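In what follows, a structure is listed as structure tokens, so that the remarks can point back to it.
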Amino acid sequence: MKRYAKTPVGAHYGLGDWLLQRLTAVVMAGYTVFVFVGYLVRPPNSYSAWSALFAETWFQVGTILFIGALLYHAWVGMRDILMDYLRATGIRLAAQCAVGFVLLTYLAWSVAILWGR
């Protein structure tokens, strides 16, 4: 009886994306703790205080890094879910394109909010 080697198929994202998803989780957790502690130490109590906080370039950059990490984290998770549960290639591709479009729209919208004054 001849045994054939099992050939793996697929894109082989695996460990690299798993590690990047964990890294984005660390970035999001760090940003959340930083903002929470900042809120406890010096709470902005008016719209002008919040506006002044988000007008700072360092805070805008930190926020966009958080949003980028969040969107990449969401992309990896949604891509894995779609690859696991949508077997039809055309439907899976359409769903991945829709998710990618929505996430890129969120990124553009976030940049417009943070720097579109």
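What is the fewest-to-most order of D17, D84 by other Cβ atoms lying within 10 Å of their Cβ?
D84, D17
Given labels modelled 7 Å from the Cα in the Cβ direction, how far is it in nm from T32 to T105?
Label at T32, label at T105, 2.6 nm between them.
With runs of 4+ DSSP H residues as the only contributors, calculate the mean residue ellipticity of the chain at 222 nm using -39,500 (n - 2.57) per run, divided by the residue total and rounded to the nearest 500.
It comes out at -28000 deg cm²/dmol, rounded to the nearest 500.
Taking the radius of gyration and the Kirkwood hydrodynamic radius from Cα positions alone, what is the Rg/Rh ratio for the range 38-117, to two decimal places?
1.17
Taking R0 as 30 Å, what's the FRET efficiency between I91 and Q60 from their Cβ-Cβ distance, rounded to 0.05?
0.20
Report, to the nearest 10°, how far helix 57-85 tilts away from the longest principal axis of the Cα atoms in the chain, using its own Cα long axis and a range of 0 to 90°.
Around 20 degrees separate the two axes.
Which order do Y72, Y85 fall in if you start with the one that has the fewest other Cβ atoms within 10 Å?
Least to most surrounded, the residues fall as Y85, Y72.
Can you give me the angle between helix 89-115 and the longest principal axis of the chain, using Cα atoms only, in degrees from 0 to 90, rounded to the nearest 10?
10 degrees
No value in this document is a laboratory result; all are computed from the given coordinates. Remember, it's a predicted structure, so these values are computed and weren't measured experimentally. Methodologically, a virtual Cβ is constructed for each residue, glycine included, from the backbone with ideal geometry; neighbour enumeration extends over all protein chains shown.
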